[in-house]
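What follows is a set of notes on a single structure, which appears directly below.
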Amino acid sequence: MATQNTCTTTTPQHSVSTTTTDLTGTITKTSEIIQNKSKGHFYMHVCPISGQEPITVNVFNIYKHDIFTTGRTLKLDNLIQKPDSLLYTSKSKHSFVKTFQPTAQQQLQAEKMHFPHTQATVATKRTISEALDTDSGRSTVCAKIVKVSPVKHVRDGTLPVRSIGVADESGTTKIVLFKDLAEQAFREGDIITCTELYRKTFQQTQQLTAHASSQLQFVQDDDLLFLETSSTHFDDDPDFSRSNPPSHTVQEIIFVDVYTICTKPPCHKKKYQQGACPLCQSTESNKTSARAVLKLQDGTTVTAFQETLRHLADIKEITSTSNELLQLLIDNLPIQFSGQIVNNVVQNVHKLPQSSQV
Ligand SMILES: [Zn+2]
């Protein structure tokens with residue numbers, strides 16, 4: 001499957017499986033717009049017309065803030081299901097329907113709810129097993145490192161990710177860290193405190209994932225220092241594997257697209273359409289990105305984005321048109337590289353010398 005996914009995604013790339021759902025209900029409260037690095041979003045509490053408990057919807061489209069207002073009843077399609085909320089993303093749809101008055105019980109429940117970003121300021125210290133079990137907000141965990149993964153770069157090579165295996169008296173788990181946190185020097189035996197961790201189930205296994213606001217410190221803790229630990233828990237976890245990534249050969253180039261992207265932070269690199277950003281209508285950007293669909297030696301079709309294409313075409317920067325980039329790639333064929341293929345997207349590539357022919 002050639003993925004067409006160039007839109008804003010709201011989940012880290014290592015979360016592969018997504019379940020989508022629909023919801024019709026009335027908005028009882030919305031948060032202010034939260035600007036978080038490049039992405040803006042806001043939360044709303046929605047009381048379903050089914051009469052079920054109110055749900056938190058995380059809206060990753062700040063342009064909806066003016067129309068998703070308290071009291072309106074919305075039909076929302078294609079929301080991504082998360083453990084404690086639903087995500088309205090660029091792939092979600094909405095329409096307005098006849099107003100539904102929430103039941104008295106729903107209103108009572110909704111009044112007791114907090115938006116996740118206000119809850120997050122309450123750093124609750126928990127053991128690993130408590131943090132893996134809680135339904136109320138994020139956790140601060142103090143634990144001993146038993147295994148450290150290599151850093152991998154996802155999202156077209158722009159997002160560093162590292163897993164650390166940690167243990168305390170209550171259990172063992174994996175913590176997934178991003179950006180600066182991922183790039184710290186960790187050693188087995190180090191004791192850390194990490195704040196704002198939320199639990200997450202990935203491939204049937206519970207893990208703790210860092211939030212953008214998570215902070216990590218190396219600490220002293222005598223109890224943990226003498227805690228006997230083992231890393232066998234992670235033996236079968238590919239995140240910790242240090243083996244060389246498999247090598248592949250690009251045999252054919254199916255499609256190359258160099259396109260302009262919006263540089264305004266809330267638009268999150270949205271692709272221009274007909275010379276303008278479809279979100280903010282700006283026409284000022286001269287920043288480009290690139291995408292190509294490639295066919296490998298085994299016949300599989302994969303997508304490669306800008307950073308990957310730079311490596312594969314052996315160039316410092318992509319300043320060319322689609323057609324020029326196509327020619328640069330053709331000139332390099334067959335292109336041998338090592339790297340991972342996740343969801344049909346090539347990442348973490350290293351171009352291999354064109355010596356051994358296949
Ligand atoms: Zn824009």
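Things to note:
- So LEU312, is it aliphatic (A, V, I, L, M) and closer than 17 Å to THR158 by Cα: yes
- Residue in region 323-330 that is at pLDDT below 90 and either away from the ligand (no atom under 16 Å from the Cβ) or closer than 30 Å to HIS41 by Cβ (or both) present: no
- Here THR319 fulfils each of the conditions (1) surrounded by fewer than 18 Cβ atoms within 10 Å (Cβ to Cβ); (2) outside any loop (DSSP other than H, G, I, E, B); (3) β-branched (Val, Ile, Thr) apart from (2).
- Residue tally, condition farther than 19 Å from ASP135 by Cβ and loosely packed, with under 11 Cβ neighbours inside 10 Å, over region 77-111: 4
- For region 166-184, the set of residues classified as among the acidic types (Asp, Glu) and surrounded by 15 or more Cβ atoms within 10 Å (Cβ to Cβ) consists of ASP168 only.
- Looking across region 260-288 at every residue that is touching a residue at least 40 places away in the same chain (Cβ under 8 Å) and not in a loop (DSSP other than H, G, I, E, B), the one that is nearest to LYS91 (Cα to Cα) is identified as LYS271.
- Taken together, PHE226, PHE305, PHE255, PHE234 contain a single residue that is away from the ligand (no atom under 16 Å from the Cβ), over 20 Å from ASN343 (Cβ atoms), hydrophobic (A, V, I, L, M, F, W, C) and out of contact with any helix residue (DSSP H, G or I) (no Cβ under 8 Å at 6 or more places or on another chain), which is PHE226.
- Against the conditions (1) more than 30 Å from GLN207 (Cβ to Cβ); (2) away from the ligand (no atom under 16 Å from the Cβ); (3) part of a strand (DSSP E or B); (4) not aliphatic (A, V, I, L, M), SER338 satisfies every one except (1).
- Filter pass, GLY275 being away from the ligand (no atom under 16 Å from the Cβ) and on the phi > 0 side of the Ramachandran plot: no
- Some residue of region 72-91 being farther than 19 Å from ASP22 by Cα and β-branched (Val, Ile, Thr): no
- Scanning region 258-270 for residues that are under 16 Å from ARG291 (Cβ atoms), within 9 Å of the ligand (Cβ to nearest atom) and in contact with a helix residue (DSSP H, G or I) (Cβ under 9 Å, 6 or more places away or on another chain) yields a single hit, ILE261.
The values are calculated or read from the model by the stated rules, or taken from the named source; none is laboratory data. Only a predicted model underlies this, so the values are computations on that prediction, with no experimental measurement involved. Glycine also receives a Cβ, built like all others from the backbone with ideal geometry; neighbour counts cover every protein chain displayed.
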